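Have a look at the structure below before the remarks.
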């Protein structure tokens, strides 16, 4: 049973995610685009090309198209060049940015050269051998990382036991992720003349810690000669990028409608008049607190995750975010944060105006 303890601790860390909010002061929708692999990790290799280069080209084009079409969207990339970035850090980029959506772009491979067609994954338990094999292949990149055993707390990408432990995960963003995954899959099907493989679930490490709706896109199989030809062509890469952009537009339109967001002709967000009036009428009482962690579930009063501290919480994007201390003085709250770092290394200061969390 001892061998499960590091993995169980790893699973608990998914439920209690600590992250720094780096969102801009405006109310931009934040999208993080992740080009899979890179640097010393080439990803899948075809007869003429490498996955890492295809992923980067399509990701940069996707960001370009989305920025042009949606000026209210802030696009952040995990990488813009051919560099190696660990899977853990890719998720950290999304969490630090307080992203609203995460898209990881990949290229598929198989020992069968006849397989071709796009597929889209959300984070979840792999119910089939094929899904598990794909997840194991993509997750094996952690073996290239320094201190990967410590970073991933005993997770072995080649061990089925590690994947079984994911059964314990309760994911707040499953529904939104699946909805968006179907939008992307439907658009990707228009890029090629052959059928795709639909939407599936698998335990991708790059998705495991991301506290927002997120998907992983497998554009097509680089091991199929016809598919590789399209994947390597400029025209093909533009098709894939526009397909993802079109799906994002559909998702963002639905997101704006649900959140009652309207925009003027230049794309600038116009706030709901009632909300705007209430903000102007209210007096500004500003206090600072130190956020120590976030949880998908409300923690019990004496939860071990709080490490004995008396904590308050607020709810944001479906997460319970726990804070310690309160002060209107920046220097005082900074001292409180410094005292907490020994127990919560990612603790950071958050600002509240009239009881509502606002950007620092």
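What nm value, rounded to one decimal, do you get for the distance between residue 111 and residue 45 when each label is placed 7 Å out toward the C-beta?
1.8 nm
How many nm is it between the label spots at residue 174 and residue 303, if each spot is 7 Å from the Cα in line with the beta carbon?
Result for the modelled spin labels: 1.9 nm.
For the range 316-354, list residues with backbone N below 13 Å from a point placed 7 Å from the Cα of residue 285 toward its Cβ?
Residues 327-328, 352-354 qualify, since their backbone N sits under 13 Å from the label point.
Calculate, for residue 254 and residue 357, the FRET efficiency according to 1/(1 + (r/R0)^6) with r their C-beta to C-beta distance and R0 25 Å; round to the nearest 0.05.
Numbers: r = 24 Å, r/R0 = 0.97.
Computed FRET efficiency for residue 254 and residue 357 comes out at 0.55.
Computed over the Cα atoms of the range 273-358, what is the convex hull's projected area averaged over all directions, in nm²? Kindly include the intermediate steps, with their values, before the conclusion.
Working: hull surface 25.4 nm².
Averaging across all directions leaves 6.4 nm² for the Cα convex hull.
Since every read-out is calculated from the coordinates, none of them should be taken as a lab result. Keep in mind it's a predicted model, so treat the numbers as computed, not measured. No Cβ is skipped: glycine too gets one built from the backbone with ideal geometry, and neighbour counts run over all protein chains shown.
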